[in-house]
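Enquirer: Sharing a structure here in structure tokens format.
The values are calculated or read from the model by the stated rules, or taken from the named source; none is laboratory data. Just so you know, these numbers come straight off a predicted model, no measurement behind them. Here Cβ is always computed from backbone atoms with ideal geometry, including for glycine, and neighbour counts include all displayed protein chains. All accessible areas refer to the heavy atoms of the entire protein, side chains included, with ligands and DNA or RNA removed. Shrake-Rupley method; radii C 1.70, N 1.55, O 1.52, S 1.80 Å.
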Amino acid sequence: MSVPESLRPADRPSLAALFLLCFKVGILSFGGGLSGWLYQEFVLRKELVSDEDFSTSLAISQMLPGANVVNLVICLGEQLRGPLGSIACFTGFLVGPFFAVIGLYKLFDLLAGYELLPVVFNGIAFAAIGLLLLTCIQGSRRAIRFPPAAIVIALTAFLVGVLEWPLIPVVFAIAPFSIALAWKRR
Amino acid sequence: MRDNPLIGLALVFIPFSLTSIGGGAAIIAGLQNETVNVHGWLTQAEFLHLFGVSRAAPGPGTMLATVIGWKVSGWLGALIASLALFLPSSLLCYAVFRLTNTHRDKEWHRAMREGLAPIGTGLIIAGVISLFRVAEGGVLALVIAALSCALLYWKPKMPVVAVLALGGTAAALAHYWPQLTGL
């Protein structure tokens, strides 16, 4: 379907730009919506990778061991700037949280008993879930043009999200069918 | 050798790196057992506190490893624990992605991309469902999430940080609402 326009060399971001982009998302990403935020930055705003490349990278990132978002920035970095791009994204993404989590541990000791803090953190996390919702909407919209893909989305979400079946076996069971459908579609 | 806490940290976290399939949540129970029961680095209460801190901090949930390493052995411990948890899985992911992506012009790769993309979307929806379940925020969580989604849908150029800050403010307002209205 979509030819990856994202790989035109002229549009490639510099290593420093990748580092800073991932640093920003890493240090400011509270709650769970990190892949939603990466989608905002890499696909919608900077238009560095296509929507489909992002979703494919995400599926690979989630299947493999490791923090999903860390795997995701490694895939995005490799697509844009090769191994150095992956290193730039990896370090940029993790260096902020590394110091933040230790700093927060010390801060919590100082602010123990201050009841508003966890309330605000929860609110930020809920808003971050909203970013993920938007990613779902965009991905579903693309899938509607090809109904079998919409079924794959619904089935995956239902089995893993609602029934809480383990992710790996579900993905390994659905992937061959989904890929075969895409193969036939040509 | 076995008494060196830095080596101990590496030996505990490297295997977890390669078994944390589906993200950090999968290894929390295992980490608790290793650090509290097996090695006695932390008490049960300390582990829970560190878990809470890592949930409130930015970055992936597995930053729990960083703060455990810091607690056990200072800055060097934090560095060793972080690298031990993040590097092995990252190298594996890089290798797998690289091997498949060099064939992206082939027809099977097109089918793989188009076949995996809806699974990726389905997994995000599943993630949203489980986040709502864990957050236990009830209606407030739904409202804030829906509003932030709608805001970015209609105003795509709005800074993400501003949207998140609004979410935090809304939660604080809702928390103090009974007092503000004089009840």
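Enquirer: If one takes the accessible area of chain B alone plus chain A alone and subtracts that of the pair, with a 1.4 Å probe, what total in Å², rounded to the nearest 100, results?
Expert: Interface area, both chains combined: 8100 Å², rounded to the nearest 100.
Enquirer: For the range A:34-130, state which chymotrypsin sites (Phe, Trp or Tyr not before Pro) are in a DSSP loop and have at most 11 other beta carbons lying within 10 Å of their beta carbon.
Expert: A:Tyr114
Enquirer: Hey, can you find the accessible area per residue of the protein assembly as shown for me, probe 1.4 Å, expressed in square angstrom?
Expert: It amounts to 45 Å² per residue over the protein assembly as shown.
Enquirer: Now for a separate question. In the range B:99-133, whose amide N lies under 19 Å from the spot 7 Å out along Cα-to-Cβ of A:Trp183? List them in ranges.
Expert: Label zone hits: B:100-120.
Enquirer: Based solely on C-alpha atoms, express the radius of gyration and the Dmax of the protein assembly as shown in angstrom.
Expert: Cα only, the protein assembly as shown: 20.4, 67 Å (Rg, Dmax).
Enquirer: Among A:Lys24/A:Lys46; A:Lys46/A:Lys106; A:Lys24/B:Lys155; A:Lys24/B:Lys106; A:Lys24/A:Lys106, which pairs are too far apart, with a Cα-Cα distance over 25 Å?
Expert: A:Lys46/A:Lys106; A:Lys24/B:Lys106
Enquirer: Sorted by accessible area (1.4 Å probe), largest first, how do B:Ser130, A:Ser55 line up?
Expert: Ranked list, largest accessible area first: B:Ser130, A:Ser55.
Enquirer: Another question, then. Using only the heavy atoms of the protein chains and a 1.4 Å probe, how would B:Leu87, B:Leu142 rank by accessible area, largest first?
Expert: Descending accessible area places them as B:Leu142, B:Leu87.
Enquirer: Alpha carbons only, please: Rg and Dmax for chain A, in angstrom.
Expert: Rg and Dmax of chain A, Cα atoms, are 18.2, 61 Å.
Enquirer: Can you pull out the trypsin sites (Lys or Arg not before Pro) in the range A:80-185 whose DSSP state is coil and whose Cβ has at most 16 other Cβ atoms within 10 Å?
Expert: Answer in residue order: A:Arg145.
Enquirer: So, R0 is 22 Å and r is the distance between the beta-carbons of B:Leu11 and B:Gln44; what FRET efficiency does that work out to, to 0.05?
Expert: 0.50
Enquirer: When the chain is fully extended, how far beyond the present Cα-Cα distance does B:Lys106 get from B:Tyr153, taking 0.36 nm per residue of separation?
Expert: 13.4 nm
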